[in-house]
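**Student:** Sending over a structure as structure tokens; questions will come in a sec.
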Amino acid sequence: MLTLGHDEITRYPFLTDAGQYLKDKGFSLSQFGTDPVLKISVEKAFNRIVVATEGKVYNSDLIDGQASKPHVIELEVFSFLLAIVLIKLSGMSTLVKRFALAEARRAESYLKEDLGKASSQSEIDLIKKIIFELSGIEVNKKDDFFTIHVSDYLKQSATFHEREWKLINRHVENGKVFLNSEKIIRLLRKEIGVYISSKINKAPVPEMIPGLETEVKNLISIAKKFTPIFVTTGEYPPCIKHAINVLEKGENLPHSGRFMLATFLLSKGQSVEQIAPLFKNAPDYNERVTLYQLNNLAGNSGSGTQYTCPSCQKLTTQNLCFATSECDNIINPLQFGRKRKYERN
Amino acid sequence: MIILLIHYNLEGSGNMKETDIKFLENAFKKYYFEHSDLIRVPERTIEREFGYQKFNFGMIRHISIKDNKELRLLLMQNIPSDVYCSNAYYSFPDLPMKEKDWKEADLIFDIDAKDLNLSCRENHTISICNNCKEISKNSEHCIKCKSSKLEKKSVACKNCINSSKTEVSKLIEVLTDDLGVIKENIHVYFSGNEGFHVYVYNSDFQTLGSRERSDLADYIMFKGIIPETFGMKKFKPDKNLFPNLDENGWRGRFSKEVFGSKSRRPKIISQLIANGHSSFLKTLDDVSEKIGVKIDPNVTMDIHRIFRLPGSINSKSGLSKILCNDLQKFDPYLESCILNDDSIEITANCPIEFKLKHKKFGPYQNEVVTVPTYAAAYMICKNLATIS
């Protein structure tokens, strides 16, 4: 565990050992349910979660990211720790994800700032240590930039869909990617989120604390709004239409294209027998081979693994993507035309 | 991927005659017996998955091998047409894919002459009709029955090899300069047919998954670029943001290709800006075709594939997959042509001349000829000859 100053504790409360912190301050959890002064922390914690569920970042009482008075520090840290307690008591996992994301974004803005202004070696070292604790990734400063290993970069950026994050659009030299403080922290957002959610997930579920029942009940009803139902139009995405078109014309569709088409249709519930005729016009068509391969993909034979349709990113690399505006930033052809609807209470 | 490899098999040696198989198996067996020094298990053997094929049979994979002795036993007992080994390391390589417990994988690149859009290709490509089996020089339709279902076979070509070598050199430059790979960890192998396999061992990239490797492949191929990366902003483009010739990485390579010299740079930048953002996208595509490394991205991003084992014979040609110590001097049609010289009578139908071991063969018009075993195997593997 890192040794942190007051400012770091309030900015990055998830780095503290929660139980130890409360103990050090001389409090027990049950006091928060009854003590009217401490109840302010509970209200703040509740708001912190609600703000997160609205997709916003919790606005703290810190002035320029610094705690002006000791009680502000306590309130900041208590509200974070109590938010976790409330989420745990509610038992709603959707809240964990949303809360962790919002807290990650909050931490992100502080990290950007800390990284940007760190000038002395000790400041740089501290922020490097915080980043390493959060993400397990080593960041180094080189002139005005920060560098990370290409492999670390790829592990993070692979889930980003904006082309700007593709490695080719970055300054890469000698195994390192060069980024400014803002980009480097944006890159690590997911890791920070993962760190926070794993902390929440690992925290023990406390017994119900008398006095917190209303907050917990309200949180449960908020969380229920976030159970999505999906509706689909049933239309094929452009990549699939293109592949079918190629085959219909009797032209050669590369192996990767056949793989995409077959796995897509299998996932949509079509049978091997329904799909096989599509390949009849292929220049090298062989019924026995086609059926064999389709059965393999469907998991009916071979290893028994059912293969899934490749992601849009993979298809782009394979020159199989023909995205239109209707694709609407989906990441897998299977999502095409799918609309998310939320249940309203 | 299992399916892909089975696909190759049926395409390649699916309909071979018994006498041809017998001949090739004898030649291969002799090779595996006499050249056991060439075909050795890779490092961390027990963590690898092995597989093999026999002529006219499907793939047998999910095999684990302990050492060279076990490998020899497998080769002598089965006389495979092709032998494969994973670039991945598993806890349990002989279990089904889902249960193997993938640990990491060497980084692998495949450079194949057929993917380089070379103009020489049509001069040394032969078409075999799937319908009537007629063999002719490269054509779109069978000259006899007009069918468009043709199998293409290509014979030895120096230009193809030299162009592939250029791509390998470009790849090595990007790997070492940009990606920080240590040169000693890069091994280049001739694939045994028309290209090269480049292996990167012990790098930072060992644990990368398929998605990450796909982005790495795009980097190497110079693909997926946004104009802004090379200074071309959509609005109010700024001359100062364009790359310089002395920069490292792709910006530097782009400059050298597009500007050529420092003195020409300002004029060309003004021209690029005047042509606009969308025209720049076209420029990027053109530049990518020239300076991007032409690897097969599917190979690099597949982390469960099994690859031809170094030292083994490629049944598409009868040539061996071997390590190239000096890439520039390497002559595959001499150094990897290792099957024996014993004479054999064949009926050859190979309309294009080719050279192996500095010796010319063909063209043959469905005629009975006596040739050394290595040349007979070369043609039989390509379905261009059969034992008389």
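**Student:** What pairs can you find where one residue is in region B:274-286 and in the same structural domain as B:K234 (by TED's automatic domain parsing), the other is loosely packed, with under 12 Cβ neighbours inside 10 Å and part of a helix (DSSP H, G or I), and their Cβ atoms are less than 9 Å apart, with a gap of 6+ or different chains?
**Tutor:** Short answer, once both residue conditions are applied: B:N275/B:K282.
**Student:** Exactly one of these conditions fails for B:D94: (1) more than 14 Å from chain A (Cβ to nearest Cβ); (2) outside any helix (DSSP H, G or I); (3) of a type in the set (D, E). Give me its number.
**Tutor:** The one condition B:D94 does not meet is (1).
**Student:** Within region B:202-220, how many residues turn out to be among the acidic types (D, E) and either in contact with a strand residue (DSSP E or B) (Cβ under 9 Å, 6 or more places away or on another chain) or in contact (Cβ under 8 Å) with a residue 12 or more places away in the chain (or both)? Can you show your working first?
**Tutor:** The first filter runs over region B:202-220 and keeps only residues among the acidic types (D, E), leaving B:204, B:212, B:215, B:218.
So of that shortlist, the ones also either in contact with a strand residue (DSSP E or B) (Cβ under 9 Å, 6 or more places away or on another chain) or in contact (Cβ under 8 Å) with a residue 12 or more places away in the chain (or both) come out as B:204, B:218.
The total comes to 2.
**Student:** If you don't mind, there's one more thing I want to ask. Which ranges mark the helices (runs of 4 or more DSSP H) fully within region B:1-81 that have 3 or more residues being within 14 Å of another protein chain (Cβ to nearest Cβ), at pLDDT 95 or above and under 26 Å from B:V299 (Cα atoms)?
**Tutor:** none
**Student:** If you take the residues in region A:153-189 that are within 13 Å of B:L216 (Cβ to Cβ), part of a helix (DSSP H, G or I) and in contact (Cβ under 8 Å) with a residue 24 or more places away in the chain, which one is nearest to the other protein chains (Cβ to nearest Cβ)?
**Tutor:** Taking region A:153-189 and keeping what is within 13 Å of B:L216 (Cβ to Cβ), we get A:153-155, A:157-158, A:166-168, A:170, A:172, A:175, A:177.
Narrowing the set further to residues that are part of a helix (DSSP H, G or I) leaves A:153-155, A:157, A:167-168.
Remaining after also requiring in contact (Cβ under 8 Å) with a residue 24 or more places away in the chain: A:153, A:157.
On the way: A:Y153: 9, A:S157: 7 Å.
Going through the qualifying residues, I end up with A:S157.
**Student:** Looking at the structure I just gave you, is B:F196 in a loop (DSSP other than H, G, I, E, B) and under 16 Å from B:I295 (Cβ atoms)? Let's see the steps before the verdict.
**Tutor:** Values: in a loop (DSSP other than H, G, I, E, B): no; under 16 Å from B:I295 (Cβ atoms): yes.
The answer is no for B:F196.
**Student:** Could we say that B:N240 is out of contact with any His (no Cβ under 9 Å at 6 or more places or on another chain), more than 10 Å from chain A (Cβ to nearest Cβ) and not in a helix (DSSP H, G or I) here?
**Tutor:** Values: out of contact with any His (no Cβ under 9 Å at 6 or more places or on another chain): yes; more than 10 Å from chain A (Cβ to nearest Cβ): yes; not in a helix (DSSP H, G or I): no.
For B:N240, the condition - out of contact with any His (no Cβ under 9 Å at 6 or more places or on another chain), more than 10 Å from chain A (Cβ to nearest Cβ) and not in a helix (DSSP H, G or I) - is not met.
**Student:** Find all pairs meeting these conditions: Cβ atoms under 8 angstrom apart; at least six residues apart or on different chains; first residue within region A:266-295 and more than 16 Å from A:Q306 (Cβ to Cβ) and within 13 Å of chain B (Cβ to nearest Cβ); second residue assigned to a loop (DSSP other than H, G, I, E, B) and hydroxyl-bearing (S, T, Y).
**Tutor:** A:F279/A:Y285; A:P283/B:S148
**Student:** What pairs can you find where one residue is in region B:221-236 and facing another protein chain (nearest Cβ under 7 Å), the other is in a loop (DSSP other than H, G, I, E, B), and their Cβ atoms are less than 6 Å apart, with a gap of 6+ or different chains?
**Tutor:** As it stands, the answer is B:F222/B:G292; B:G224/A:K166, since those pairs meet every condition given.
**Student:** Give B:K153, B:K133, B:K165 a once-over and let me know the one that is part of a helix (DSSP H, G or I) and either on the phi > 0 side of the Ramachandran plot or more than 13 Å from chain A (Cβ to nearest Cβ) (or both).
**Tutor:** When all the criteria are applied, what remains is B:K165.
**Student:** The conditions are (1) out of contact with any Leu (no Cβ under 7 Å at 6 or more places or on another chain); (2) modelled with pLDDT of 85 or more; (3) surrounded by fewer than 21 Cβ atoms within 10 Å (Cβ to Cβ), and A:S119 fails exactly one of them. Which is it?
**Tutor:** (2)
**Student:** Taking the criterion of being assigned to a helix (DSSP H, G or I) and aliphatic (A, V, I, L, M), would at least one residue in region B:179-192 satisfy it?
**Tutor:** Keep residues of region B:179-192 that are assigned to a helix (DSSP H, G or I), which gives B:183-185.
Narrowing the set further to residues that are aliphatic (A, V, I, L, M) leaves none.
Checked region B:179-192: no residue is assigned to a helix (DSSP H, G or I) and aliphatic (A, V, I, L, M).
The values are calculated or read from the model by the stated rules, or taken from the named source; none is laboratory data. Here the structure is a predicted model, which means the values were calculated and not measured. Every residue, glycine among them, receives a Cβ derived from its backbone with ideal geometry; neighbour counts consider all protein chains shown.
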